[in-house]
1. For the chain, set up a Gaussian network in which alpha carbons nearer than 10 Å are linked by springs, and say which option among Val35, Val90, Val58 fluctuates the most.
2. Relative contact order for the stretch 25-133: what is it in percent, counting Cα pairs under 8 Å that are at least 6 residues apart?
3. Can you give me the solvent accessible area of Thr36 with a 1.4 Å probe, rounded to the nearest 10 Å²?
4. Starting from the Cα of Lys95, draw a straight line to each of the aspartates and glutamates and keep only those under 20 Å, dropping any in the same chain fewer than 8 residues away.
5. With runs of 4+ DSSP H residues as the only contributors, calculate the mean residue ellipticity of the chain at 222 nm using -39,500 (n - 2.57) per run, divided by the residue total and rounded to the nearest 500.
6. For Lys88, what accessible area in Å² do you get when you roll a 1.4 Å probe over the heavy atoms of the protein chains, rounding to the nearest 10?
Amino acid sequence: MHQNIGLKLARLPRLWRAILDKRLAPLGLTQTRWVTLYHLAHLGDGQAQCDLARAIGVEAPSLVRTLDQLAEQGLIERRPCGQDRRTKRVFLTDKATPLLNRIDTIVADARREMLAGMSDDDIAQLDGLLSRIESNGLDIQSREESLEN
């Protein structure tokens with residue numbers, strides 16, 4: 001039984017993204033675009049491009065293309081950082097607000113369906129367990145990186 005936990009943990013994010021991709025496709029959003037918008041909306045306006053890339057889990061150069069596309073769609077704008085002109089900060093435009101509201105609704109509906117049959121206590125316990133697994137993984141990663149250096 002326990003041997004399958006790792007496989008399930010690997011499959012669930014792919015399943016989650018596939019469901020959201022299918023539901024968000026009619027909005028004209030690829031996965032990289034909706035993930036970027038979603039993170040920016042939840043992290044707050046004015047994120048530095050490098051910080052946004054780190055939060056999403058991608059390299060900064062690969063995020064640039066997505067940001068270019070979102071800017072072309074009029075959903076974001078990039079402005080130079082006051083202290084460091086080389087750093088660009090990313091801001092959502094007014095045009096993004098209704099789209100983000102629609103994304104939030106779709107994500108909330110999918111989350112509710114995926115967690116169907118679970119009580120609030122079940123969900124809280126699951127959240128705690130996943131946080132513990134993530135923390136253990138980060139500890140392992142940190143130890144292994146220390147050994148490499």
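The values are calculated or read from the model by the stated rules, or taken from the named source; none is laboratory data. Not measured: the values here are computed from a predicted model. Remember, those area values only see protein heavy atoms, side chains included, never the ligands or the DNA or RNA. Shrake-Rupley method; radii C 1.70, N 1.55, O 1.52, S 1.80 Å.
1. In this elastic network of the chain, the residue with the biggest mean-square fluctuation among Val35, Val90, Val58 is Val58.
2. Working: 84 pairs, mean separation 25.5, N = 109.
Taking the mean separation of contacting Cα pairs over the length of the stretch 25-133, I get 23 percent.
3. 10 Å²
4. Asp45, Asp68, Glu72, Glu77, Asp104
5. Working: 6 runs with 102 residues, N = 149.
The per-residue figure over the chain is -23000 deg cm²/dmol.
6. Only protein atoms counted, so the area is about 80 Å².
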